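Q: Please see the structure below; I have some questions.
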Amino acid sequence: GLSTQPIWRKLWDEVMKTRPPNSENITCWRKKFLETFFSNVLHGVLDVSSDWRLNDRHFSPLLHSSPHVSQLTLCNMLQGAVELTAERNQKVLENLAGSLRILKFQHLLSSDQSIRRSLVLLLHRLIHHGSVSQVSMYSWPVPDTVLLLLILSMSAGFWRSGNALAYHSSPCGLCREEDKTQSQDSAQERAERGRYNEGEQSDAENQKGSPRALEEAVNRYGAAAHLNSAPSGPRSPVRNRACEEASSGVPCDHTAVPGGSSRCASAPLSCRPALRKTRRRLKSAVGKKRRCLRRSRAPRADPEDLYDFVFTVGREDNSGLLDKNSATEGENAESWTGSSPGSPRAGRAGCKKRGGSAGIFSLKAAHRFRSVATLELFSIPLTGETCRTLSNLLSSWVSLESLVLSYNGLGSNIFCILSGLRALSRHSDCHLRVVRVSDVFSHMPCMELVRCVLSAFPQLRTLSVSFDLKNQLEGNGPEGNPSCNEVEIPESCLEQLEIRFPREPLHTTLLLPVLKASKSLQQLSLDSATLPCSQELGLLLEALKECNPNLKKLSFHDVNLAEHQKEVLLLLQDPVLQEITFSFCRLFESSTSDFLAEIINTVKRNSSLKSLKLPGNRLGNHRLVALADIFSEDSSSSLCQLDVSSNCIRPNGLLEFTKKLEGHIQQRGGQIQFTHLRLFQNWLDQDAETAQEALRRLKAVCSVVNDSWDSSQAFADYISVM
């Protein structure tokens, strides 16, 4: 019943000799220590021989700590991958296959063939036969295209395993077991097919010459005999094709039977004389088809062909790269925006066909294994070639639950990604629930992108669209692309919507259809939007009240609300909202002291509001001290969290706020729900002694989160930018 947390915390100081980042958020020091210990030993950061407790030849640091590792980061030249796939660390890799959930790649560099071979084996074991559910890549300014596509394709579950066999002493043991099981299944199928053919031949010989008997045989073995109920009538194209294939001996596979086997749609009665032989050929072809659908061991490949499955440089037609249910090639923006063929947007969208170009991933050439559920790409430029490959992968990545594309320089390639996502949405077993897209330039208006994604994925729970700057080619008016604004959005399951406008006007008329379709919306964040008229915010609040009764969190960031005091007060008295954020919204830029008093009185009367965040609004000392009255004796507020970061607060103001808060708590007999105060980036370094006293007294009341911020340097940076 005793906690070992202090022991692990002490071990951290003794062994790591560094200050852990975000130590206030660490819930389990044992896990944190062992995970960091494993990573530091793997990358050579920690010298085991330097500590007498670890310097033991019978002790394996990697083996000891590997069962506790749930996330791992591989950096630079992927030395960690080489170490983990070494023969001596086979048991370590097995442990990781069971414990590792998150695999990260950071600051990768180009690597040689041998390192890539190790990476292939590592990904195959940890993803295809392991428990890794998330792959994240960070900060790769000039990515190695082959290496990037290799990681993406194996994360999606594709691998042409025959290549790896040429580099390894033996094939993957788990794959070998699967092959053995499949071989047994195939032998059993052949035996059953043999018995079936014998029975069919016996029936046909015993009842030879009887058209009625032939028809009964067709019925008995599952063909669609009802299609032949009128043999003298006109034949459908399917019947003609079936007849031609039966006559020519070519296997047909037009009808998928729910049981999983593929059967012919039946030959017309005019083909009856050849029925017996055709039936044998058909069943044989079906058996082959069934075996082809299973994973079978690929032939051994030349060592130089290890990454041929990433690039299809040959003459493969793009239409053959995808399965028939997920063909993304050739799709254009018409399917997303409803643009007419003559519109400017229609000609540049989708993944355009590029016969013979490198970088197109061939789904036909690889086996399909287990894939990850989360893919995150941060600050990695994606070329058109890479986007086409990613689009093809996305089109059938049904296990994908979360997709994050952040600062990838997509540009017009956004349409290629959307094309792959649209193909994915056609799969009934698609699991995608979270989509986050952010970039410097927007190639299409934010609301257009939101509506396009949401119309294809009504099952999304979280959608985040964020752009810093507007592409100069885009229009400034609310009409933007009228055709996309007409796209109908079905009722969705959306719970969280985040939009960062690149200084675009916020037009409620464009947002309204999204809000109406999202009855389950609980969180809405609007960032860097401009309000085109004074009535716009009021229209938005009316729409939220009418369409989103379950909204719990509302956030405005970098939206000028200086002239919208009435709407701010209406939000603060909303009986449903639990968290409200006004971040850098210039709340008090043109207000009087009466406005602050109204805010305080409104919050005091609101018992549903739990969190109020006011960073970057120039509160200063006097307004901070006034906010302490929210917790006065006559208040019915349930406020738990208050964020006053970046508000020009000095140590003497913070101390005065603390004393006033202590007085209110004493008047209420210690009964107060206030638990968290955030003070980031305030001017507390101007009087360290006063600041320390204020923080010491505050921490006896609530949890305080602050930082050691150099206000003088920040002011100098501000002046230099002006």
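Q: Given 0.36 nm per residue, what is the gain on full extension from Asp685 to Ala86 after removing their alpha carbon distance, in nm? Can you show the working numbers first?
A: Values: separation 599, 0.36 × 599 = 215.64 nm, distance 5.14 nm.
That works out to 210.5 nm of additional length.
Q: Heads up, I need the accessible area for Thr690: 1.4 angstrom probe, whole protein in place, Å², nearest 10.
A: That residue has around 30 Å² of solvent-accessible surface.
Q: If I ignore ligands, DNA and RNA and count only protein heavy atoms, how much of Lys519 is accessible to a 1.4 Å probe, in Å² to the nearest 10?
A: So the heavy atoms of Lys519 present about 90 Å² to solvent.
Q: In addition: Show me the chymotrypsin sites (Phe, Trp or Tyr not before Pro) within the range 20-68 that DSSP assigns to loop and that have at most 13 other Cβ atoms within 10 Å of their Cβ. Provide the component values of the computation, followed by the final result.
A: Numbers: sites: Trp29, Phe33, Phe37, Phe38, Trp52, Phe59; in loops: Trp52, Phe59.
Listed in order of number, the matching sites are Trp52, Phe59.
Q: Hey, which of these cross-link pairs are over 20 Å Cα-Cα: Lys470/Lys545; Lys552/Lys699; Lys104/Lys470; Lys10/Lys104; Lys10/Lys31? Working shown, then result.
A: Numbers: Lys470/Lys545 30 Å; Lys552/Lys699 28 Å; Lys104/Lys470 31 Å; Lys10/Lys104 28 Å; Lys10/Lys31 14 Å.
Beyond 20 Å: Lys470/Lys545; Lys552/Lys699; Lys104/Lys470; Lys10/Lys104.
Q: Residues with amide H under 5 Å of Phe369's amide H, sequence separation 5 or more or different chain, H placed in the peptide plane at 1.01 Å from N; which?
A: Phe158, Trp159
Q: Over the range 552-721, average the accessible area per residue using a 1.4 Å probe and give it in Å², no decimals.
A: On the way: 8210 Å² over 170 residues.
With the other protein chains kept in place, the range 552-721 gives 48 Å² per residue.
Q: Hey, any idea what % of the range 559-654's accessible area is carbon plus sulfur with a 1.4 Å probe?
A: Working: 1720 of 3780 Å².
Ligands and nucleic acids excluded, carbon and sulfur give 45 percent.
Q: Gln673 to Phe595: extension gain in nm, 0.36 nm per residue of separation minus the Cα-Cα distance?
A: Numbers: separation 78, 0.36 × 78 = 28.08 nm, distance 2.49 nm.
This chain segment gains 25.6 nm when fully extended.
Q: Considering amide H positions built from the backbone, and no H for Pro or chain starts, which residues 5 or more places from Phe105, or on another chain, come under 5 Å of its amide H?
A: Leu74, Ser136, Met137, Tyr138
Q: Would you work out the relative contact order for the range 552-721, in percent, from Cα pairs under 8 angstrom that are 6 or more residues apart?
A: This gives 17 percent for the range 552-721.
Q: Then there is this: Rounded, prolate or oblate: which one fits the range 552-721, using the alpha carbon gyration tensor with axes a ≥ b ≥ c (rounded when a/c is under 1.5, else prolate when a/b beats b/c, else oblate)?
A: The shape class here is oblate.
Q: Ordering Val135, Val705 by how much accessible area each has at a 1.4 Å probe, largest first, what is the list?
A: Working: Val135 0, Val705 35 Å².
Heavy-atom accessible area, descending, gives Val705, Val135.
Q: By the scheme Lys and Arg +1, Asp and Glu -1, what is the net charge of all other residues having a beta-carbon under 13 Å from that of Ala97?
A: Details: positive: Lys91, Arg101, Arg125, Arg370; negative: Glu94.
Computed value for this residue: +3.
Q: In percent, what relative contact order does the range 46-171 have, based on Cα pairs under 8 Å that are 6 or more apart in sequence? Display every interim value, and only then the final one.
A: Values: 157 pairs, mean separation 29.4, N = 126.
Across the range 46-171, relative contact order equals 23 percent.
Q: Taking R0 as 45 Å, what FRET efficiency do you get between Gln692 and Glu177 from their Cβ-Cβ distance, rounded to the nearest 0.05? All intermediate terms of the calculation are to be shown ahead of the outcome.
A: Values: r = 63 Å, r/R0 = 1.41.
Working from the Cβ atoms, E equals 0.10.
Q: To continue, here is another question. Given labels modelled 7 Å from the Cα in the Cβ direction, how far is it in nm from Arg9 to Asn76?
A: Output for this residue pair reads 3.3 nm.
Q: Shifting gears a bit: Enumerate the amide H contacts of Gln71 below 5 Å, restricted to partners 5 or more residues apart or on another chain; note that Pro and chain-start residues carry no placed amide H.
A: Arg101, Ile102
Q: Could I ask something else about it? Take the alpha carbon atoms of the range 38-105, find their center, do the same for the range 560-593, and report the distance between the two centers in whole angstrom.
A: 51 Å
The values are calculated or read from the model by the stated rules, or taken from the named source; none is laboratory data. Only a predicted model underlies this, so the values are computations on that prediction, with no experimental measurement involved. Cβ atoms come from the backbone with ideal geometry, glycine included; neighbour counts cover every protein chain shown. Heavy atoms of the whole protein, side chains included, go into the accessibility calculation; ligands, DNA and RNA do not. Shrake-Rupley method; radii C 1.70, N 1.55, O 1.52, S 1.80 Å.
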